[in-house]
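Take a look at the structure set out below.
The values are calculated or read from the model by the stated rules, or taken from the named source; none is laboratory data. Please read these numbers as outputs of a predicted model, since none were measured by experiment. Here the Cβ positions follow ideal geometry from the backbone for every residue, glycine too, while neighbour counts run over all protein chains shown. To get the accessible areas, we keep the full protein, side chains included, count just its heavy atoms, and leave off ligands, DNA and RNA. Shrake-Rupley method; radii C 1.70, N 1.55, O 1.52, S 1.80 Å.
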Amino acid sequence: MHVSAYGPALFVSRKDGAELSQEERAVVFRLVQSACLSLMLTDDEGEPVRPSDHGYDQEEEKALGVLLHSSYAYAHMPQEIQVEKAEEWEEEGKRVAAEVEKHAPGVYAFTAYGVEV
C-alpha cells in the first residue's frame, strides 16, 4: 500500500499576473529558503526544514509551489488532529510569506495550504 506524505506548501505568484520566468522562480525559491532559515522553521522531527520545488503553474495558476516540509505521520492522525495540523501549516505558510514580502515588497501574492506529495 502506498502511503502519501503531506506537508505545507507556499504558492508564490506575481501580483501583476505575469508569468514567473525560470530565473525569477529560482530567486523566489531562494527567498523562501532564506525565510525558512530566518524563521528557524522545523519539521515534525524538529529538524530544520529543507524546502523543495513543488512545481510551477500546477495547483495554483502561474505560481511556483514550494513544499516547506512533509511527513508521513499526517495520514495516520485522527481527523481533528489533521484539522489542527492544516491550520498550523497555513500559519507557517503565512509567516514565510510575510518574510519573503519584506525582501520583495508588493511584488508577489501568496497562498499556503497543505498538499499531498
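Name the lysines eligible as straight-distance cross-link partners of LYS62: C-alpha to C-alpha under 26 Å, and not fewer than 8 places from it in the same chain.
LYS15, LYS94, LYS102
I'd like to know which of GLY93, SER52, GLY106 lies farthest towards the positive end of the charge dipole of the chain, counting +1 on Cβ of Lys and Arg and -1 on Cβ of Asp and Glu.
The residue sitting most towards the positive pole is GLY106.
Which of the aspartates and glutamates could be linked to LYS85 by a straight reach, that is with a Cα gap under 16 Å, when you skip same-chain ones fewer than 8 residues away?
ASP43, ASP44, GLU45, GLU116
Take every Cα pair under 8 Å in the chain that's 6+ residues apart, average their separations, divide by the length, and report that relative contact order as a whole percent.
Numbers: 192 pairs, mean separation 52.7, N = 117.
Over the chain, the number comes to 45 percent.
Please find, in a Gaussian network model of the chain (springs between Cα atoms separated by less than 10 Å), the residue of SER13, SER34, SER21 whose mean-square fluctuation is greatest.
Evaluated over the chain, the most mobile residue of the options is SER21.
Helix 22-38 against the longest principal axis of the chain: what's the angle in degrees, Cα atoms only, rounded to the nearest 10?
Helix 22-38 and the main axis of the chain meet at about 50 degrees.
Can you show me the helix-derived [θ] at 222 nm for the chain, built from DSSP H runs with n ≥ 4 at -39,500 (n - 2.57) apiece and divided by the number of residues, rounded to the nearest 500. Can you show the working numbers first?
Values: 2 runs with 42 residues, N = 117.
Roughly -12500 deg cm²/dmol at 222 nm, from the helical runs in the chain.
Roughly how many percent of the accessible protein surface of the chain is carbon and sulfur, given a 1.4 Å probe and a whole-percent answer?
Values: 3410 of 6770 Å².
Accessible surface attributable to carbon and sulfur in the chain totals 50 percent.
Quick one: angle between helix 79-103 and the longest Cα principal axis of the chain, in degrees between 0 and 90, rounded to 10, please.
So the inclination is approximately 20 degrees.
By accessible area of protein heavy atoms, probe 1.4 Å, what ranking do TYR108, TYR72 get, highest first? Present the calculation step by step, with values, prior to reporting the outcome.
Numbers: TYR108 15, TYR72 140 Å².
If we order TYR108, TYR72 from most to least accessible, we get TYR72, TYR108.
How much solvent-accessible surface does SER71 expose, in Å² to the nearest 10, with a 1.4 Å probe and all protein chains in place?
Counting only protein heavy atoms, SER71 exposes about 20 Å² to solvent.
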